[in-house]
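Everything on this sheet refers to the single structure shown next.
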Amino acid sequence: MTAPMSSQGANQGRTQVGIIGAGPAGLMLAHLLQRAGIDCVLLESRSRFHVENRLRAAVLEHDLATLLRQVGLGERMDRVGIPQEGIRLHAAPDHAWRIDLAAHTGRTAMLWGQYELVRDLIAARLDAGAPLLFNVDAVRLDDLDTHRPRINYRHDGEVFTLDCDFIAGCDGFNGICRAALPSERLAMHQHAWPFSWFGILTEADPAWPELVYGGHPDGFALASMRPPGLTRFFFQCDPDEDVHSWSTDRIWQTLHRRLDAGGTSLGEGHIIQRSIIPLRSAVTETMQHGRLYLLGDAAHLLPPTGAKGLNVAVHDAVHFATAVRAWYAQADFGPMARFSEERIEAIWNAQRFCASMTRLLHRMPGEDSFGYRLRLAEIAYLAENRFAARSFAESYVGSANEEMLEAYLRP
């Protein structure tokens, strides 16, 4: 499948929105623009197999699960995904709590892996015959300050030029789009957390029907399920750890110690995949330059503790799609001009929630018994105080925002 051709030349294309990066932000943006009748071409440097098999975030906020149903992407999610009416907090064998998300908010989260959403989005785009190119390389952006920005790229050994009205950079934090912003205009904030996550995917039925977050004295751990019959575990480790230095017995001993609580023990299974994930936080407050706009990981990174990275990326996409639609339908450039300004507050609020969960549940370097007992008291207060629990639940499932959904779905 190739870009739309024009009379300018065999390899000269034209589209309204050029999208670089087939992650959740880029794919969702392409899906929404297509539904609005707006032409777009989606370019991805990796293979389809790679994109569809990246194990990333899994928790969808309530409103985003609703949005997927409204835009034709909810059938498989509702059939296979796992609604989460609550989460569990384990701090030690004798300390286990449950926060009832549904009781506090009247809303639930949905456990639906990012790779599952990506597969549905790719299938929908290919079924529609819309332009989606994998294995694209040599991408270069030109004329971003003009009304006709261009994407130059190579595909199947041929060089192409794609003229656009707008370019959406959805190619991740180390992609070419963020690097294309002038350094003197780039307002960016970063933080490297002093630990990493050791992650495994295992063939084991989950011991709990809901996500379990562990704040053990030894460090953080997380148990999450993946349908069908798979469980994803994470635990805090040093950032310089080697994944091959951990034996299978040592992995399971660590997880049992940090997660077993309340008389329930996690089940073990064959480990399919192992990886170490560094934790970083970043916000690029300059999310637009000329006709280039940054979405998803190209603009921000969030520690996975708060399960917000996927949600914020999709929010970027629907917000940008709404702005693009306003431009083409009403010649109103205001929403496009305010894109960065209107997204930054929500992004920092998500960073606040993720950072607070990260600090609460992880053992910081040099933490002594006093520091852990303070964290334990904070966890107990969060779970047992109804006002604290409600505030947490609202942040976790996402605040009810009917106006947002109405704006996204308005004809």
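Only one entry in Leu255, Leu279, Leu301 is within 23 Å of Gly18 (Cα to Cα) and touching a Phe, Trp or Tyr at 6+ places or on another chain (Cβ under 7 Å), namely Leu301.
Kindly indicate whether any position in the stretch 240-255 is at pLDDT below 95, under 18 Å from Gly309 (Cβ atoms) and not aliphatic (A, V, I, L, M). For the stretch 240-255, residues at pLDDT below 95, under 18 Å from Gly309 (Cβ atoms) and not aliphatic (A, V, I, L, M): absent. Being of a type in the set (Ser, Thr, Tyr), modelled with pLDDT of 95 or more, assigned by TED's automatic domain parsing to the domain that holds Gly172 and under 24 Å from the mean Cα position of the chain (by Cα) is true of Tyr293. Going by the conditions given, is Ser356 hydroxyl-bearing (Ser, Thr, Tyr) and over 23 Å from Phe198 (Cα atoms)? So Ser356 fails the test. Taking first residues from the stretch 227-251 that are closer than 13 Å to Ile200 by Cα and partners that are basic (Lys, Arg), the Cβ contacts under 9 Å between residues at least 6 apart in sequence or on separate chains come to Arg232/Arg226; Phe235/Arg258; Gln236/Arg258; Gln236/Arg363; Val243/Arg274; His244/Arg274; Trp246/Arg274; Ile251/Arg274.
Among the residues making up the stretch 91-110, those that are more than 22 Å from His362 (Cβ to Cβ) and part of a strand (DSSP E or B) are Asp100, Met110.
Yes/no matrix, rows are residues, columns are (1) among the small types (Gly, Ala, Ser); (2) in contact with a helix residue (DSSP H, G or I) (Cβ under 8 Å, 6 or more places away or on another chain):
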| residue | (1), (2) |
| --- | --- |
| Val139 | no, yes |
| Asp142 | no, no |
| Thr146 | no, no |
| His155 | no, no |
| Asp163 | no, no |
| Gly175 | yes, yes |
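What tally of residues in the stretch 134-190 results from selecting those that are touching a Leu at 6+ places or on another chain (Cβ under 6 Å), under 21 Å from Ala321 (Cα atoms) and among the aliphatic types (A, V, I, L, M)? So the answer is 4.
Scan (1) over 21 Å from Glu394 (Cβ atoms); (2) of a type in the set (Gly, Ala, Ser); (3) surrounded by 18 or more Cβ atoms within 10 Å (Cβ to Cβ) for the single condition Ala109 breaks and write down its number. Unmet for Ala109, out of (1) over 21 Å from Glu394 (Cβ atoms); (2) of a type in the set (Gly, Ala, Ser); (3) surrounded by 18 or more Cβ atoms within 10 Å (Cβ to Cβ): (1).
Taking the criterion of being assigned to a helix (DSSP H, G or I) and not aromatic (Phe, Trp, Tyr), the residues of the stretch 42-60 that qualify are Arg48, His50, Val51, Glu52. Scanning the stretch 227-283 for residues that are closer than 20 Å to Leu111 by Cβ, in contact with a Leu (Cβ under 7 Å, 6 or more places away or on another chain) and part of a strand (DSSP E or B) gives Leu230, Arg232, Phe233, Phe234, Phe235, Ile272, Gln273.
Listed here are the residues, each with its yes/no results for (1) buried (at least 16 other Cβ atoms within 10 Å of the Cβ); (2) at pLDDT 95 or above.
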{"site": "Tyr153", "(1), (2)": "yes, yes"}
{"site": "Phe160", "(1), (2)": "yes, yes"}
{"site": "Cys170", "(1), (2)": "yes, yes"}
{"site": "Ile176", "(1), (2)": "yes, yes"}
{"site": "Gln190", "(1), (2)": "no, yes"}
{"site": "Phe195", "(1), (2)": "yes, yes"}
{"site": "Leu201", "(1), (2)": "yes, no"}
{"site": "Asp205", "(1), (2)": "no, no"}
{"site": "Tyr213", "(1), (2)": "yes, yes"}
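I'm trying to understand the selection: among the residues of the stretch 119-151, which are among the charged types (D, E, K, R), surrounded by 17 or more Cβ atoms within 10 Å (Cβ to Cβ) and within 25 Å of the chain's Cα centre (by Cα)? Those that are among the charged types (D, E, K, R), surrounded by 17 or more Cβ atoms within 10 Å (Cβ to Cβ) and within 25 Å of the chain's Cα centre (by Cα): Arg119, Asp120, Arg125. For the stretch 363-398, residues that are touching a residue at least 60 places away in the same chain (Cβ under 8 Å), in a loop (DSSP other than H, G, I, E, B) and either closer than 19 Å to Ala282 by Cα or touching a Pro at 6+ places or on another chain (Cβ under 9 Å) (or both) total 3.
The values are calculated or read from the model by the stated rules, or taken from the named source; none is laboratory data. As the structure is a computational prediction, the values presented were derived from the model and not from experiment. Quick reminder, even Gly has a Cβ in these numbers, built from the backbone with ideal geometry, and neighbours come from all protein chains shown.
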